[in-house]
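The structure appears below as structure tokens.
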């Protein structure tokens, strides 16, 4: 009897794959990439990151296990990371050259190809929710600055005083850059952008990304995180991607879409496509960072060309992992 059940389950899985259907839900998250080493990361700090990443995975897993949508899971996971001061998104975001926090986020639905984004916002507690509102409740894809904030207020989203996003660590990082007049110093540190990609039980993919951007950024700079195709992309026929790293390179290479395109037009596997873009094409140009991705069959990829990336995944079969450093 047990043998018959195993055979039937195996045949069902093969049929699902043959029909392009998901063999089970899965979810992947990231909390930024950069020069992250064992030796320069105090054990208590590493444990704090691992604990938070595990909490986020637990929430995402619960949503998907209970037939929640990939969009709901992505938004919920990113909201948690936006509310956690460990990451460069929401509370704990880095400061720009004027000593202010300017936040960016985007989200995309792989089923409909609808997408939403906000950039340069300063009072929206959870930019990822504002991005989703733009996608679902407006005719636009991206809103910026005061316009995005006005729209968020009209939609009843929670707003806060700009001081809410302050953390002492980020302020000290800002002061170090300011007084050294070295606006590129942070490029040798970690990028704390957060992101999530998910595949739900219905076979739908979704991706989202949120960030405070670049320490000491000037002139209203916007990176890749809110740009569909650069920092975020999702297509049920290929994959969902969220990126983190030096945004200018990710924009110029349309990184998130490029991974999807390599799968659709060249027939590459998710791993091969993601590795080609992150480990070869991007790195050869001097662009550093990483990406998380999941395909329509639940395969995942988490490549990065830095020494580490805060990352984790969970699958319907119970497989779960959280990692920070290279070769974990």
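The values are calculated or read from the model by the stated rules, or taken from the named source; none is laboratory data. All figures in this text were calculated on a predicted structure; none of them were measured in a lab. Here the Cβ positions follow ideal geometry from the backbone for every residue, glycine too, while neighbour counts run over all protein chains shown.
Okay, here's what the table says:
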read-out	value
Which listed residue, of 234, 301, 240, is farther than 30 Å from residue 176 by Cβ and touching a helix residue (DSSP H, G or I) at 6+ places or on another chain (Cβ under 6 Å)	301
Filter result (under 20 Å from residue 36 (Cα atoms) and at pLDDT below 95) within segment 184-237	184, 185, 186, 187, 188, 189, 190, 191, 192, 214, 215
Index of the failed condition, residue 213 passing every other in (1) at positive phi; (2) surrounded by fewer than 24 Cβ atoms within 10 Å (Cβ to Cβ)	(2)
Selection count, segment 271-299, where residues are crowded, with 24+ Cβ neighbours inside 10 Å and either in contact with a strand residue (DSSP E or B) (Cβ under 6 Å, 6 or more places away or on another chain) or farther than 26 Å from residue 214 by Cα (or both)	10
Residues located in segment 64-74, provided they are surrounded by fewer than 23 Cβ atoms within 10 Å (Cβ to Cβ) and under 16 Å from residue 240 (Cβ atoms)	68, 69, 72
Count - residues of segment 82-91 that are out of contact with any helix residue (DSSP H, G or I) (no Cβ under 6 Å at 6 or more places or on another chain) and buried (at least 24 other Cβ atoms within 10 Å of the Cβ)	2
Segment 194-234: number of residues that are under 21 Å from residue 61 (Cα atoms) and in a loop (DSSP other than H, G, I, E, B)	5
Residues within segment 151-165 that are exposed (fewer than 12 other Cβ atoms within 10 Å of the Cβ) and under 15 Å from residue 129 (Cβ atoms), tallied	2
Search result, residues across segment 150-170 that are in contact with a strand residue (DSSP E or B) (Cβ under 7 Å, 6 or more places away or on another chain) and under 30 Å from residue 235 (Cβ atoms)	151, 152, 157
Scan of segment 92-103 for residues that are surrounded by fewer than 21 Cβ atoms within 10 Å (Cβ to Cβ) and closer than 17 Å to residue 159 by Cα, ordered by number	100
Residue count, segment 262-281 (criterion: assigned to a helix (DSSP H, G or I) and in contact (Cβ under 8 Å) with a residue 12 or more places away in the chain)	13
Selection count where residues are touching a residue at least 40 places away in the same chain (Cβ under 8 Å) and more than 16 Å from the chain's Cα centre (by Cα), scope segment 223-261	4
Complete set of residues in segment 25-43 that are part of a loop (DSSP other than H, G, I, E, B) and free of Cβ contacts under 8 Å to residues at least 12 places away in the same chain	39, 40, 42
Filter result for the condition that a residue is at pLDDT 95 or above and within 29 Å of residue 277 (Cβ to Cβ), over 244, 167, 150	244
